[in-house]
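Taking it in order: structure first as C-alpha cells, then the write-up.
The values are calculated or read from the model by the stated rules, or taken from the named source; none is laboratory data. Treat the numbers as computed from the prediction; the structure is a model and nothing was measured. All Cβ positions, glycine included, derive from the backbone under ideal geometry; neighbour counts span all protein chains shown. Quick note on the areas: whole protein, heavy atoms, side chains included, nothing else; ligands and nucleic acids left out. Shrake-Rupley method; radii C 1.70, N 1.55, O 1.52, S 1.80 Å.
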Amino acid sequence: MPKGNHTPTQPPRDAVELAMDVLSDRWTFLILREAFFGVRRYGQMQRNLGIARNVLADRLRQLVADGMFERVRYRTDPDWYEYRLTDRALDLYPVIIGLMRWADQHLRADQEDVLALELVHRSCGAPADPYLACSHCHEPLTGRDIDARVRAGAG
C-alpha cells in the first residue's frame, strides 16, 4: 500500500467528472460554440475554427456518439451531412455563456484581437445578459452562494 497522502481507494465520480469525459477537449467546446452560433456544416466549421480536417472529423464523430449532435443528411450523390445540436447539447448553453461571460470579465481586457460579442434576445430584440439564478427565490447566484451536499439516497 502506498505511503503518505495516497488514498487507497478511488473516490466516487461526480457529475463534473462525467461532464469532463465528454467536454474536456478544447476543440469540443469550440465546435459546440460554432453550433450555438448556427454553424451546422463540416466545411464551415473547419474554415471558422482553422482545425485540421481529421481532428474535426474525429471530434464530430465523438460528439454524435455522445449524443451532443445529430448527423443529418442534407444532400445525396454524394452524401453530405450537417450536425444539429441535440437537446442534450442545447442544455449546455448556460455553460457556454458562463464561460464567455467569465472570459469577457477576466481575460479579454488583456487581449487586443478578441471579439466582443453582444447577445441579443430573439423574442424582444434587446441585448441579453443571462445569469445564473436560484430556481426557488430567483436571486442571482455566485460560487460563494452555494453549498454542495450529497443528495439523500445518492451514491
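See the values below:
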item	result
The chain: DSSP helices with Cα axial extent of at least 24 Å and average Kyte-Doolittle hydropathy no lower than 0.0	none
Global form of the stretch 39-90, assessed from the alpha-carbon gyration tensor, a/c cut-off 1.5	oblate
Solvent-accessible area per residue for the chain (1.4 angstrom probe, square angstrom)	81
Share of carbon and sulfur in the accessible heavy-atom surface of the stretch 87-154 [1.4 Å probe, %]	52
Prolate/oblate/rounded label for the stretch 107-155 (Cα gyration tensor, a/c 1.5)	oblate
Neighbour cut-off at most 10 other Cβ (10 Å), DSSP loop, trypsin sites (Lys or Arg not before Pro), the stretch 86-127	Arg122
Label selected from (i) 45; (ii) 27; (iii) 52, the criterion being percent of Cα pairs over 24 Å apart as computed here	(iii)
Highest average packing first - 22-33, 42-53, 74-85, Cβ atoms within 10 Å	22-33, 42-53, 74-85
Rounded if a/c under 1.5, otherwise prolate or oblate - the stretch 73-155, Cα gyration tensor axes	oblate
